[in-house]
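K.L.:
To start, I am sharing the structure in question, which I have written as structure tokens.
The values are calculated or read from the model by the stated rules, or taken from the named source; none is laboratory data. Worth saying up front: this structure is predicted, and the values here are computed from it rather than measured. Positions of Cβ are backbone-derived with ideal geometry, glycine not excepted, and every protein chain shown enters the neighbour counts.
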Amino acid sequence: MSTTSATPTRRPTASAWRLRDRLGLALAWFLGLLFCAICAALIIYLAIQGINYLHPAMLFENPKIGYNQSESGGFLAPLLGSLICAAIAMLVAIPAGIGVAVWLSEYARPRALARLAESTVEMLAGTPTVVLALFGLVVFRSRALAFLSQSAGGVVLGKSFFSAGLMLSLLGLPFVVTSTREGLTAIPNHVREASYALGKTKIATIRRVLLPAVRPSVIAGSSIGTGHVIGDTAIIVMLLGNTYTLQGAGGLPLLSSLRGTGLTLTSYVYDNAPTGALNHPQQAYAAAAIMILLVLVLNLVVDVFARKARRQRWN
Amino acid sequence: MELNPPPPARRLDHASRLTLVEPPPEATTIPLTAVPSVVGVPSVAGVPNVAGVPSIAGVPDAAPVRAATRLPAIDRMQIEDVSLYYGTAEIVKSVSLPIRQGEVLALIGPSGCGKTTLLRSINRLTELTKTAHMTGTITLDGIDTQQLEPTELRRRVSMVFQQPNPFPMSIFDNVAYALREQARRRPRRAILREQVEDALDRAALLDEVKDDLSRPALRLSGGQQQRLCIARALAAKPEVLLLDEPCSALDPVSSQMIEDLIDTLRQELAIVIVTHNLGQAYRVGDYVAFMYLGELVEYATAQRLFSAPVKARTREYVSGAFG
């Protein structure tokens, strides 16, 4: 406007940049594209293998003991196993995670306890699942928890869908907590106050205003958690028994399956991989393709709801 | 800048509008019987004598111009010698003010002068801040607000905030939330429909949204959102409405609508408004309180405070109002 202001300088062209900047930019581009390429290669490779070896019948057939790959059946049992494990884990992890997140974000008194809870969740997120599995074996072999698995000759085996599912819920929990807490933090304080100003209690505000508001964040966090739960192998191998099919325990139909041992897609892939006990790579690729598909769908859900959560803005 | 007498245009507009329509339709709905114990109290007697300010009762032009067309104001709340602290910092210094139904009290003053803190203490929202504490008393119909449950107090003394903050649910549910008991889902939607529409109507929003009350409230424009927040506050049938700079995030047209709304609501509610906009304080306020550094400097009718302020500080502050 005024004559005193400097004339705007022209935006520097790429050639005018310093060498270091240009190298940095090139490196960023290279790494970005490299990761895209790795991801694409993985998905394309699995898709091709999946298309080659995957038959619809495999989804409805149980694994069989066979000498060659065509005789070894499908993977109905591992697919069901994965779904059951994920269901148990998330049924526990979602309510517990929401509870922890609400307490951390809305109450968090006394402070020391809040800090402890916070670092516990962080530590849980960083614990290798093998360690969780090992700890789970100790816990679920205790006599008090015998009802969750089978016993043989007075010894609690500790391996069942219950044991694996409950341990997997610890794996999923941090994702639910983190995402829900982020959602709660994003709600401005005056929204809570608006509810208090209507004569509502804190509980009513949490129940009817805050929780509905963070629903997209809860769904996004739960989906990320489910992806990790489905993808875990260590806990399955050690706590689910890794049998070649679902083996019930006891009389009641549903309960017996949940108390019994079984396998999931991950342990199925692990066993059928060229280094595994069974060495049926075609089955491994087919199951891996299904798993990748599941994870892609979950990621899509995460994306949709994360965007929804971000769109919900108070000015 | 010289001190101009405020332009009388809008004031006359009020007066003429209200005298032409006789009697004002709202006048009949004033729940005089709702507060039988207070009706007999002469309202002016309750006005505290702010140090240095001549008694309002003694000033000839004490009554606002438009008051002649209104029913007498009823004393609802008294702020008596209230001081508020955050930690050890004294934010509000022994302020006394009456809040009357039928009148709008406007709190003005520079940023950080404690007017919002004072407003929030009226329905005890200050208690949400851990370090805040209060001395002095605030009464509602003669009862110390500290004796009331905060939830009951806030149902009777509701508040609308600076930022429009509808809850992330439908328009209907926003208003229905205020009507329901705590976290209950009942009464059901069909039963609440009439009350919800009535509240939206009183907030002058119904005509714009009645086609689809199930629309998410956050899709409304800023001005509509703020009127929804007012509707939400009105739904609980409060007796006092606190407005914390309700127009500062809105465009001029929306602000005008809110001001018109305040003008109609003053008959049935006691209204306290905090505003940075001096023109607005003059337009909507019957009485104006000027605060500076936590102290109540001057309290007078809008007419007098803007045209003939007694204190030098007030004169300085309001001189820019109508430049």
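K.L.:
I want to confirm something. Restricting to region A:64-115 and keeping residues that are more than 20 Å from A:Ala277 (Cβ to Cβ) and assigned to a loop (DSSP other than H, G, I, E, B), which single residue is modelled with the lowest pLDDT?
P.N.:
By that ranking, first place goes to A:Arg109.
K.L.:
Return the total of residues in region A:216-257 being closer than 22 Å to A:Leu170 by Cα and among the hydroxyl-bearing types (Ser, Thr, Tyr).
P.N.:
6
K.L.:
If you check B:Arg219 against the conditions, is it within 17 Å of B:Met159 (Cα to Cα) and of a type in the set (Lys, Arg)?
P.N.:
No.
K.L.:
So, in region A:116-159, how many residues would count as being within 30 Å of A:Arg181 (Cβ to Cβ) and among the aromatic types (Phe, Trp, Tyr)?
P.N.:
Going through region A:116-159 one residue at a time, the tally reaches 2.
K.L.:
Considering every residue within region A:191-200, establish whether at least one is more than 14 Å from every other protein chain (Cβ to nearest Cβ) and touching a strand residue (DSSP E or B) at 6+ places or on another chain (Cβ under 9 Å).
P.N.:
no
K.L.:
Right, something else. Looking only at region B:154-208, count how many residues are part of a loop (DSSP other than H, G, I, E, B) and hydrophobic (A, V, I, L, M, F, W, C).
P.N.:
7
K.L.:
For region B:219-275, how many residues are small (Gly, Ala, Ser), more than 14 Å from every other protein chain (Cβ to nearest Cβ) and within 27 Å of B:Arg180 (Cβ to Cβ)?
P.N.:
Qualifying residue count, region B:219-275: 1.
K.L.:
Let me ask something else. For B:Val253, all conditions in the list (1) closer than 13 Å to B:Leu107 by Cβ; (2) part of a helix (DSSP H, G or I); (3) over 12 Å from the mean Cα position of the chain (by Cα) hold save one; what is the number of the exception?
P.N.:
(1)
K.L.:
How many residues are within 23 Å of the chain's Cα centre (by Cα) and closer than 20 Å to A:Leu211 by Cβ if we restrict to region A:102-140?
P.N.:
Number satisfying all stated conditions: 6.
K.L.:
I've got another one for you. Go through region B:112-130 residue by residue and tally those that are more than 14 Å from chain A (Cβ to nearest Cβ) and at pLDDT 90 or above.
P.N.:
Residues that pass the stated criteria total 4.
K.L.:
Kindly list, by first and then second residue, each pair from a residue in region A:48-62 that is among the acidic types (Asp, Glu) to a residue that is surrounded by 11 or more Cβ atoms within 10 Å (Cβ to Cβ), limited to pairs with Cβ atoms under 8 Å and residues at least 6 apart or on different chains.
P.N.:
The qualifying pairs are A:Glu61/A:Gly73; A:Glu61/A:Gly74; A:Glu61/A:Phe75; A:Glu61/A:Leu76.
K.L.:
Further question on the same structure: Is there a residue being of a type in the set (Phe, Trp, Tyr), assigned to a helix (DSSP H, G or I) and in contact with a helix residue (DSSP H, G or I) (Cβ under 6 Å, 6 or more places away or on another chain) anywhere in region A:191-205?
P.N.:
Within region A:191-205, none of the residues are of a type in the set (Phe, Trp, Tyr), assigned to a helix (DSSP H, G or I) and in contact with a helix residue (DSSP H, G or I) (Cβ under 6 Å, 6 or more places away or on another chain).
K.L.:
Let me ask something else. In this structure, is B:Ile79 more than 12 Å from the chain's Cα centre (by Cα), at pLDDT below 90 and closer than 20 Å to B:Ile143 by Cα?
P.N.:
So B:Ile79 does not fit the description; no.
K.L.:
OK, next. Please name all residue pairs, on different chains or six or more residues apart, with Cβ atoms under 7 Å, provided the first residue is in region B:142-158 and is more than 15 Å from B:Leu243 (Cα to Cα) and the second residue is of a type in the set (Gly, Ala, Ser).
P.N.:
B:Gly142/B:Ser37; B:Thr151/A:Gly199; B:Glu152/A:Gly199
K.L.:
Output the residue which, of all residues in region B:135-163 that are at the interface with chain A (Cβ under 7 Å from one of its Cβ atoms) and not small (Gly, Ala, Ser), is surrounded by the fewest Cβ atoms within 10 Å (Cβ to Cβ).
P.N.:
Looking at residues that are at the interface with chain A (Cβ under 7 Å from one of its Cβ atoms) and not small (Gly, Ala, Ser), I get B:Glu152.
K.L.:
Can you pull out the residues in region B:259-288 that are within 12 Å of the chain's Cα centre (by Cα), buried (at least 24 other Cβ atoms within 10 Å of the Cβ) and not in a loop (DSSP other than H, G, I, E, B)?
P.N.:
Within region B:259-288, B:Ala270, B:Ile271, B:Val272, B:Ile273, B:Val274, B:Ala281, B:Val284, B:Tyr287, B:Val288 meet the criteria.
K.L.:
For the condition closer than 30 Å to A:Ala133 by Cα, at pLDDT below 90 and not small (Gly, Ala, Ser), what is the one hit in A:Leu46, A:Leu19?
P.N.:
Only one candidate qualifies: A:Leu46.
K.L.:
Right, something else. Determine which member of the set A:Phe140, A:Phe161, A:Phe147, A:Phe135 is surrounded by 21 or more Cβ atoms within 10 Å (Cβ to Cβ) and more than 20 Å from A:Ser222 (Cα to Cα).
P.N.:
None of the other options fit; the residue is A:Phe140.
K.L.:
Given the options A:Ala213, A:Ala234, A:Ala249, name the one that is more than 9 Å from every other protein chain (Cβ to nearest Cβ) and either at pLDDT 90 or above or surrounded by 22 or more Cβ atoms within 10 Å (Cβ to Cβ) (or both).
P.N.:
Result: A:Ala234 is the single residue among A:Ala213, A:Ala234, A:Ala249 that is more than 9 Å from every other protein chain (Cβ to nearest Cβ) and either at pLDDT 90 or above or surrounded by 22 or more Cβ atoms within 10 Å (Cβ to Cβ) (or both).
K.L.:
Is it the case that region B:170-180 has a residue that's within 26 Å of B:Arg227 (Cβ to Cβ), in contact (Cβ under 8 Å) with a residue 24 or more places away in the chain and of a type in the set (Ser, Thr, Tyr)?
P.N.:
Among the residues of region B:170-180, at least one is within 26 Å of B:Arg227 (Cβ to Cβ), in contact (Cβ under 8 Å) with a residue 24 or more places away in the chain and of a type in the set (Ser, Thr, Tyr), which makes the answer yes.
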